[in-house]
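Asker: The structure is given below, and queries will be raised subsequently.
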């Protein structure tokens, strides 16, 4: 099972559950996982006897309100497992719209009315008891929530682990918000939290984390969205028997990059984000006004697909397509506060882009090009193009084009798991800092897993003066599927691609 709908949960001997779309009497707990693929983020709703709790809500909260109404539940509590760094949460807006009480760890220092909880404290409603486990390590204020259905047992049935324990991984110890502690100190706290709290839970306890594969809050997450403690004991590398010193050493090497927007997201979560409906509505703009604002420093973000962008775009625009991990890359590559103008296919995409940018803390979308790229062309302005090449064409160029350089912008783990021969690895998040490694006068083919990140990279390279840039459609995935030669270091680990 990789996804969940609304259900009233019943136990099986295996520890998993049968899903029912309608309530099974009034003796069973309601539970739903909401998964936001754009941020690889999972949030949860737990309900009983007409009341509900939402855990780790995303910034746009309408789905929680709709789910509660559909199932006859009133949201009474909102729990944040920690001050999230990778997205801005919707706890303040959800509380304002429902009257629910917000609950944070007492270590969080949240700057709005909330209940500050410590280890062992409980929240009870209906037949449900939620027990707080203080689990510092990923952050000082991290907590996990044990969920007990008192109608069935006095023992926890599941645990919501936030960013402390993922499926196949554990939370990073090096992110912002560590209050001056080193990564080594935080990793030591994480070891204690895992071994003194979570690993004491029984094998059949279900594990529901706040993130899955694609998030930068860990480095080896599974694509599975839930598991059991027993399965994690067996397959999670970070839970294997080892000393604390061994664990700390392992956790503090080969960490993924830390996006620049993380610190801003933490502080926005600490103070509470503005409701989405209070953000300014982007203005429709003509081509000439867009050009004038670009000249004054506004950034044009083209949210269309990489192929549409490549075929014709506003020169100087950055392509971050809505079809991928849009919010994460926008947060990582665009400084918070940058005035943004959107290029979209339709007006519905404006609303979606504004929402997804807000999830990463961007609240400065000032307008969009009215009429899209057609309006730009019709106005007589020059249009930029980026050649899109297939992997077959890349293969041909490798044999025919002199001095062709291939830049693989995937993360190091992905590159090490197999790459196009002769490709140099410069991860997208590090590209701007490593432009001296690129010959700006020669032809350059950019490749990632699918063509998404490589298209983003073309903006950085063109802006730095690289003369001839090709974007490889289909990326390394297509190269591999075509049966072409793959280079990889001996004994390299496999790594899921992120697009």
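The values are calculated or read from the model by the stated rules, or taken from the named source; none is laboratory data. Bear in mind the structure is a predicted one, so any value in this text is a computation, not a measurement. A quick note on method: Cβ atoms are made from the backbone with ideal geometry, for glycine too, and the neighbour counts reach across all protein chains shown.
Asker: Any idea how many residues of the range 464-479 are part of a helix (DSSP H, G or I) and at pLDDT 95 or above?
Answerer: Here is the first cut: in the range 464-479, the residues part of a helix (DSSP H, G or I) are 464, 475-479.
With at pLDDT 95 or above added as a condition, the list becomes 475-479.
Residues in the range 464-479 being part of a helix (DSSP H, G or I) and at pLDDT 95 or above: 5 in total.
Asker: Okay, next question. What number of residues within the range 154-181 are part of a loop (DSSP other than H, G, I, E, B), touching a residue at least 24 places away in the same chain (Cβ under 8 Å) and at negative phi?
Answerer: 14
Asker: Would you confirm whether or not the range 165-177 contains a residue that is surrounded by fewer than 19 Cβ atoms within 10 Å (Cβ to Cβ) and touching a helix residue (DSSP H, G or I) at 6+ places or on another chain (Cβ under 6 Å)?
Answerer: Yes.
Asker: Continuing with the same structure: Among the residues of the range 143-153, which ones are farther than 18 Å from residue 82 by Cα and outside any loop (DSSP other than H, G, I, E, B)?
Answerer: 148, 149 - these are the residues of the range 143-153 that are farther than 18 Å from residue 82 by Cα and outside any loop (DSSP other than H, G, I, E, B).
Asker: Being outside any loop (DSSP other than H, G, I, E, B) and buried (at least 23 other Cβ atoms within 10 Å of the Cβ), is that true of even one residue in the range 119-131?
Answerer: Checking the range 119-131: at least one residue is outside any loop (DSSP other than H, G, I, E, B) and buried (at least 23 other Cβ atoms within 10 Å of the Cβ).
Asker: Working carefully through the options 250, 285, find the one that is free of Cβ contacts under 8 Å to residues at least 24 places away in the same chain and surrounded by 14 or more Cβ atoms within 10 Å (Cβ to Cβ).
Answerer: So the residue among 250, 285 that is free of Cβ contacts under 8 Å to residues at least 24 places away in the same chain and surrounded by 14 or more Cβ atoms within 10 Å (Cβ to Cβ) is 250.
Asker: While we're here: From the set of residues in the range 75-105 that are over 19 Å from the mean Cα position of the chain (by Cα) and either in a loop (DSSP other than H, G, I, E, B) or not assigned by TED's automatic domain parsing to the domain that holds residue 140 (or both), which is surrounded by the most Cβ atoms within 10 Å (Cβ to Cβ)?
Answerer: Looking at the filtered set, the residue picked out is 100.
Asker: Here's another thing I want to ask about it. On the given criteria, is residue 125 under 30 Å from residue 257 (Cβ atoms) and in contact with a strand residue (DSSP E or B) (Cβ under 7 Å, 6 or more places away or on another chain)?
Answerer: No: the conditions fail for residue 125.
Asker: Right, next: Just one of (1) at pLDDT 95 or above; (2) in contact with a helix residue (DSSP H, G or I) (Cβ under 7 Å, 6 or more places away or on another chain); (3) surrounded by 22 or more Cβ atoms within 10 Å (Cβ to Cβ) trips up residue 394, so point out which.
Answerer: With respect to (1) at pLDDT 95 or above; (2) in contact with a helix residue (DSSP H, G or I) (Cβ under 7 Å, 6 or more places away or on another chain); (3) surrounded by 22 or more Cβ atoms within 10 Å (Cβ to Cβ), residue 394 is out only on (2).
Asker: Restricting attention to the range 407-430, which residues are touching a helix residue (DSSP H, G or I) at 6+ places or on another chain (Cβ under 7 Å), part of a helix (DSSP H, G or I) and crowded, with 22+ Cβ neighbours inside 10 Å?
Answerer: 428
Asker: Scan 219, 240, 244 and give me the residue that is in contact with a strand residue (DSSP E or B) (Cβ under 7 Å, 6 or more places away or on another chain) and closer than 27 Å to residue 182 by Cβ.
Answerer: 219
Asker: How many residues does the range 433-459 contain that are in contact (Cβ under 8 Å) with a residue 40 or more places away in the chain and under 16 Å from residue 334 (Cα atoms)?
Answerer: 6
Asker: While we're looking at this one, here's another question. Would you mind stating whether residue 297 is within 16 Å of the chain's Cα centre (by Cα), touching a residue at least 40 places away in the same chain (Cβ under 8 Å), surrounded by fewer than 24 Cβ atoms within 10 Å (Cβ to Cβ) and under 22 Å from residue 358 (Cα atoms)?
Answerer: No; evaluated as a whole, the condition is false for this residue.
Asker: Taking into account only those residues within the range 58-74 that are in a helix (DSSP H, G or I) and either touching a residue at least 12 places away in the same chain (Cβ under 8 Å) or closer than 18 Å to residue 275 by Cα (or both), which is farthest from the chain's Cα centre (by Cα)?
Answerer: Restricting to residues being in a helix (DSSP H, G or I) and either touching a residue at least 12 places away in the same chain (Cβ under 8 Å) or closer than 18 Å to residue 275 by Cα (or both), the top hit is 70.
Asker: Sticking with this one: Of 310, 380, which residue is touching a helix residue (DSSP H, G or I) at 6+ places or on another chain (Cβ under 9 Å) and either within 23 Å of residue 446 (Cβ to Cβ) or assigned to a strand (DSSP E or B) (or both)?
Answerer: 310
Asker: Hey, residue 357 hits all of (1) in a helix (DSSP H, G or I); (2) surrounded by fewer than 23 Cβ atoms within 10 Å (Cβ to Cβ) but one; which does it fall short on?
Answerer: It is condition (2) that residue 357 fails.
Asker: Scan the range 271-278 and give yes if some residue there is outside the structural domain of residue 88 (by TED's automatic domain parsing), outside any loop (DSSP other than H, G, I, E, B) and in contact with a strand residue (DSSP E or B) (Cβ under 9 Å, 6 or more places away or on another chain), otherwise no.
Answerer: No.
Asker: Right, another one. Mind checking which residues of the range 439-454 are crowded, with 21+ Cβ neighbours inside 10 Å and more than 24 Å from the chain's Cα centre (by Cα)?
Answerer: Answer for the range 439-454, where residues must be crowded, with 21+ Cβ neighbours inside 10 Å and more than 24 Å from the chain's Cα centre (by Cα): 444, 445.
Asker: May I pose another question? With the condition kept exactly as written, say whether any residue in the range 385-406 is in contact with a strand residue (DSSP E or B) (Cβ under 7 Å, 6 or more places away or on another chain), under 29 Å from residue 220 (Cα atoms) and part of a strand (DSSP E or B).
Answerer: The answer is yes, given that some residue of the range 385-406 is in contact with a strand residue (DSSP E or B) (Cβ under 7 Å, 6 or more places away or on another chain), under 29 Å from residue 220 (Cα atoms) and part of a strand (DSSP E or B).
Asker: On the basis of being out of contact with any helix residue (DSSP H, G or I) (no Cβ under 9 Å at 6 or more places or on another chain) and surrounded by 13 or more Cβ atoms within 10 Å (Cβ to Cβ), does residue 436 make the cut?
Answerer: no
Asker: In addition: Hey, among the residues in the range 198-231 that are farther than 19 Å from residue 44 by Cα and touching a helix residue (DSSP H, G or I) at 6+ places or on another chain (Cβ under 6 Å), which one's surrounded by the most Cβ atoms within 10 Å (Cβ to Cβ)?
Answerer: 201
Asker: Within the range 46-57, is even one residue assigned to a loop (DSSP other than H, G, I, E, B), in the same structural domain as residue 144 (by TED's automatic domain parsing) and surrounded by 23 or more Cβ atoms within 10 Å (Cβ to Cβ)?
Answerer: Within the range 46-57, one or more residues are assigned to a loop (DSSP other than H, G, I, E, B), in the same structural domain as residue 144 (by TED's automatic domain parsing) and surrounded by 23 or more Cβ atoms within 10 Å (Cβ to Cβ).
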